[in-house]
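Chemist: Sharing a structure with you now.
The values are calculated or read from the model by the stated rules, or taken from the named source; none is laboratory data. If you're wondering where the values come from, they're calculated on a predicted model, not measured in any experiment. Because the Cβ atoms are built from the backbone with ideal geometry, glycine has one as well, and the counts that use them run over all protein chains shown.
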Amino acid sequence: MIPIVLAAALAIHVGPMGPDAPAREPQMAANPSMVGLTFGAGKAIYFSASHDGGHSFAAPVKVAEAGIVPLTRHRGPRIALAGNAIVITAVVGTKADEGGHVHGLPSDGDLRVWRSDDSGKTWSQGKAINDVPASAAEGLHALASDGHGTLLAVWLDKRGAKGTKLYAARSTDDGVTWSRNIAVYQSPDGSICECCHPSVAMGATGKTAVMWRNAVGGWRDMYLVTSRDGFTFSPPQKLGEGTWKLNACPMDGGGLAVSSSRILTAWRREGNLFLAEPGSPERQIGTGRDIALALNGNRAFAAWVDGSKVEAWFDGKQEQLSETGAFPSLCSLPGGGALAAWEENGTIQIRHLP
């Protein structure tokens, strides 16, 4: 089946990539000349570019293919624009983890990176970022860039003794080479939340924030650290004043955004969704799950799923984007506003938020 890329008055849709390859788990990044979109379908990772501020997208290009490409519960690819390069990361593998708690995860999963220096027409061969093979097999990670040459990748890591830890690696040359792996955090109870995706965001001046769901004393709350160099991190700080006593993993990691003057987080506690700045009380903005976040100047944009509906929040108002959708993502646009993307009936739907 030929992928569909149609422009409409309010929305665009991309995919599916074949009869058995629905387009899933979209992620976007933008700079003044491009909006880049990545997503997974079947056993492949794809990229599509917009050069008109997200009003239309080119036919998707295949970035890479693997035996197993996890596309469940925020395990899809990530994208960043760094200097003149487009950088995409994903956890992929070849051997199914038959005894794993999530069907379809690769037991040999590595966090791999691909680059393009020609606006996404061609892509490099992938190489692993994690320096202990298969330590990233949980499939959950995040990627951010300062818009210049520096990137930071973070992921859930299972190396060493029992328990899931948070690790990172840094690149200062547009993703060509990556640093040694850095242990960002390990819970004193032995493991952070095992299957909630982490988040990372970087400002243009290099200010970096990393967020994850912790597991301490039976509570599954969100924590945050900051960094200036990508190697050393501040002491971990719990977000919000409330807490969530839970002996399970909600598989829901939240959203994170950084501007020149602000760090803003979005996350779920039970069925409620909150915004919070570090050190400040949380503010409830809705109910649901799978919240995404973007900042454009002082304007905050959020999108999430409530039941089967995709909801958006901006300027203090809530608006429904879709009756049936999943896994929304957001990116801010240099010209103002934000772009939302989500899964819907095998396609990726894209819409501007003013």
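Chemist: For the range 311-337, enumerate the residues that are touching a Phe, Trp or Tyr at 6+ places or on another chain (Cβ under 6 Å) and over 19 Å from residue 26 (Cα atoms).
Modeler: 314
Chemist: Let me ask another. Out of all the residues in the range 273-311, which are of a type in the set (S, T, N, Q) and surrounded by 14 or more Cβ atoms within 10 Å (Cβ to Cβ)? Even if it seems obvious, please write down each step before you answer.
Modeler: Applying the first criterion (of a type in the set (S, T, N, Q)) to the range 273-311 yields 280, 284, 287, 296, 298, 308.
The answer is 287, 296.
Chemist: Further, regarding this structure: May I ask you to list pairs of residues, at least six apart or on different chains, whose Cβ atoms are under 8 Å apart, with the first in the range 21-35 being assigned to a loop (DSSP other than H, G, I, E, B) and crowded, with 23+ Cβ neighbours inside 10 Å and the second being of a type in the set (Gly, Ala, Ser) and at pLDDT 95 or above?
Modeler: Sorted first by the residue in the range 21-35, then by its partner, the pairs are 23/40; 23/41; 23/346.
Chemist: Would you mind finding the one in 199, 234 that is among the small types (Gly, Ala, Ser), modelled with pLDDT of 95 or more and either in contact with a helix residue (DSSP H, G or I) (Cβ under 7 Å, 6 or more places away or on another chain) or under 21 Å from residue 111 (Cβ atoms) (or both)? Reasoning before the result, please.
Modeler: On the way: 234 fails: either in contact with a helix residue (DSSP H, G or I) (Cβ under 7 Å, 6 or more places away or on another chain) or under 21 Å from residue 111 (Cβ atoms) (or both).
Among 199, 234, only 199 is among the small types (Gly, Ala, Ser), modelled with pLDDT of 95 or more and either in contact with a helix residue (DSSP H, G or I) (Cβ under 7 Å, 6 or more places away or on another chain) or under 21 Å from residue 111 (Cβ atoms) (or both).
Chemist: Let me ask something additional. Given the conditions (1) out of contact with any strand residue (DSSP E or B) (no Cβ under 6 Å at 6 or more places or on another chain); (2) surrounded by fewer than 24 Cβ atoms within 10 Å (Cβ to Cβ); (3) not acidic (Asp, Glu), which single one is not true for residue 203?
Modeler: The one condition residue 203 does not meet is (1).
Chemist: To continue, here is another question. Out of all the residues in the range 187-223, which are over 23 Å from residue 160 (Cα atoms) and in contact with a Leu (Cβ under 9 Å, 6 or more places away or on another chain)? Walk me through how you get there before you give the answer.
Modeler: Narrowing the range 187-223 to residues over 23 Å from residue 160 (Cα atoms): 200-209, 219, 221-222.
Matches in the range 187-223: 200, 201, 202, 208, 209, 219, 221, 222.
Chemist: Let me ask another. Limited to the range 230-259, what total is found for residues that are over 21 Å from the mean Cα position of the chain (by Cα) and part of a loop (DSSP other than H, G, I, E, B)?
Modeler: Number of matching residues: 11.
Chemist: Sticking with this structure for a sec: Could you figure out which of (1) surrounded by fewer than 22 Cβ atoms within 10 Å (Cβ to Cβ); (2) touching a strand residue (DSSP E or B) at 6+ places or on another chain (Cβ under 6 Å); (3) farther than 22 Å from residue 26 by Cβ isn't true of residue 130?
Modeler: (1)
Chemist: In the range 47-95, which strands (runs of 3 or more DSSP E) lie fully inside it and hold 1 or more residues that are of a type in the set (D, E, K, R) and within 20 Å of residue 200 (Cβ to Cβ)?
Modeler: 78-82
Chemist: When both residues are 6+ apart or on different chains and their Cβ atoms are under 6 Å apart, which pairs have a first residue that lies in the range 143-159 and is polar (S, T, N, Q), and a second that is buried (at least 22 other Cβ atoms within 10 Å of the Cβ)?
Modeler: Listed pairs, sorted by first residue: 145/80; 145/82; 145/151.
Chemist: If you don't mind, another one. Tell me, which strands (runs of 3 or more DSSP E) lie completely within the range 276-331 with 3 or more residues that are over 17 Å from the mean Cα position of the chain (by Cα), free of Cβ contacts under 8 Å to residues at least 40 places away in the same chain and over 22 Å from residue 237 (Cβ atoms)?
Modeler: Qualifying strands (runs of 3 or more DSSP E): 309-314, 317-322.
Chemist: Here are some conditions: (1) in contact (Cβ under 8 Å) with a residue 40 or more places away in the chain; (2) closer than 17 Å to residue 199 by Cβ. Residue 164 meets all but one. Which one does it not meet?
Modeler: Going through (1) in contact (Cβ under 8 Å) with a residue 40 or more places away in the chain; (2) closer than 17 Å to residue 199 by Cβ one by one, residue 164 breaks only (1).
Chemist: Separate question: Name the one entry in 300, 294 that is closer than 30 Å to residue 59 by Cβ and among the aliphatic types (A, V, I, L, M).
Modeler: Residue meeting the stated conditions: 294.
Chemist: Here's another thing I want to ask about it. Being of a type in the set (A, V, I, L, M) and at pLDDT below 95: is that true of residue 96 here?
Modeler: yes
Chemist: Pick from 180, 159, 170: which is part of a strand (DSSP E or B) and either buried (at least 21 other Cβ atoms within 10 Å of the Cβ) or not hydrophobic (A, V, I, L, M, F, W, C) (or both)?
Modeler: Matching residue, one of 180, 159, 170: 170.
Chemist: Is it the case that the range 179-187 has a residue that's under 17 Å from the mean Cα position of the chain (by Cα) and under 27 Å from residue 332 (Cβ atoms)?
Modeler: no
Chemist: Another question, if that's okay. Among (1) at pLDDT below 95; (2) crowded, with 21+ Cβ neighbours inside 10 Å; (3) more than 18 Å from the chain's Cα centre (by Cα), which single condition is residue 83 missing?
Modeler: (2)
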